[in-house]
Every structure is written in C-alpha cells, then in structure tokens.
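Enquirer: First the structure, which I've put down as structure tokens, then a few questions once you've had a look.
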Amino acid sequence: MSFPHTEVPYTWSYSVDDVATSVTADMKKTTFKTNTYTRNTATGGMALIDLIGVPAVLFDSETFTNNGDSTSNSLSLYGSGVLSPATSEMSIDGALASTASYPASVLCVSMISVVRMGFVEAKGNTFDGNWLLETAYNSNRA
C-alpha cells in the first residue's frame, strides 16, 4: 500500500570544491531506510524515534537491536568507557522494587512513537532483543 499524495518537491543546490550538486526531496514524506539502531536507550516518556505531526512517514528495512529503557545497568553495559551512570540513575532492580517511584512517564515509551500522522508505512523492519520495563500496566506503551 502506498501513500496517495501529491509530491511536493524541494530542490536545493550547493557546491563543494567547484562541483555543483543539487538534491531533491519530497517535503511531505519522511523516509527512514536501512538504518541500524543498536544498544540505544530512551527515557522520560520518549521513544528512540519520536515523530509528531509529519504528513507521511515510511520505515523501510530498519533494524532495532538491543534497545530499551535507560537504566544504570544499560549505561554501564553499553556505555562502558564512554558514559557513566549518575548515582541517582534508575536501576532495573530499583525500578521493579519501587514501582511507584518509576511511572511510565519516566520510562521509554517504545522504539518508535508516531503522533498526529497522516500516514505511516512500515515494511521489512527487524526488532530483536529490545526491552521496556513495566513497573505498572500501561496501555499507552508498546
């Protein structure tokens, strides 16, 4: 199924080392194609990819692997040598032991969140090993 829309092309030109180049894009459609998202975290009621009010979006052959909630555990594992979790950073054990302290509004909402869209198409995407903490049932998290 394709998005039935009128293309709104926008062309911009630039020059690098006296080589002129022009790029044309459809300004009514955003396309994510063949990207890989590995070992990323999100928090604060946000998703890894948050889109609001885009007329049309296509997710084509995207790969999401080992992404999830931002916790001291994930930062220690994935950010080793680059990031250090703050002493106040939520841990998985702490979140599950004190669920009232960690409502859905402070957790990752999903891998992709789309709000007020005209059209969304997803094809050939892969999701493997991603996780979300559930401190309480919430039908708004996916």
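Nothing in this text is a laboratory measurement; each read-out follows from the coordinates by a stated rule. All figures in this text were calculated on a predicted structure; none of them were measured in a lab. All Cβ positions, glycine included, derive from the backbone under ideal geometry; neighbour counts span all protein chains shown.
Enquirer: For the pair Asp17/Met46, report the inter-label distance in nm, with labels modelled 7 Å from Cα in the Cβ direction.
Expert: Placing both labels 7 Å along Cα→Cβ, they lie 3.7 nm apart.
Enquirer: Name the residues whose placed amide hydrogens come within less than 5 Å of the amide hydrogen of Phe64, ignoring near sequence neighbours (fewer than 5 apart) on the same chain.
Expert: It is Tyr37, Thr126, Phe127, Asp128, by chain and number.
Enquirer: Below 14 angstrom from the Cβ of Gly129, what's the summed charge of the other residues (Lys, Arg +1; Asp, Glu -1)?
Expert: That sum, taken over residues with Cβ under 14 Å, equals -1.
Enquirer: Around Lys33, what is the net charge, scoring Lys/Arg as +1 and Asp/Glu as -1 over all other residues with Cβ under 15 Å from its Cβ?
Expert: Here the charged neighbours net out to -2.
Enquirer: Would you mind computing, in nm to one decimal, how far apart the modelled labels at Arg39 and Ser105 are, each placed 7 Å from Cα along Cα→Cβ?
Expert: 3.3 nm
Enquirer: Run the simple label-point estimate for Ala25 and Lys123 please: 7 Å along Cα→C-beta, distance reported in nm.
Expert: In this crude label model, Ala25 to Lys123 measures out at 2.2 nm.
Enquirer: Lysines within cross-link reach of Lys123: Cα-Cα under 17 Å, excluding same-chain residues under 8 positions apart?
Expert: Lys29, Lys33
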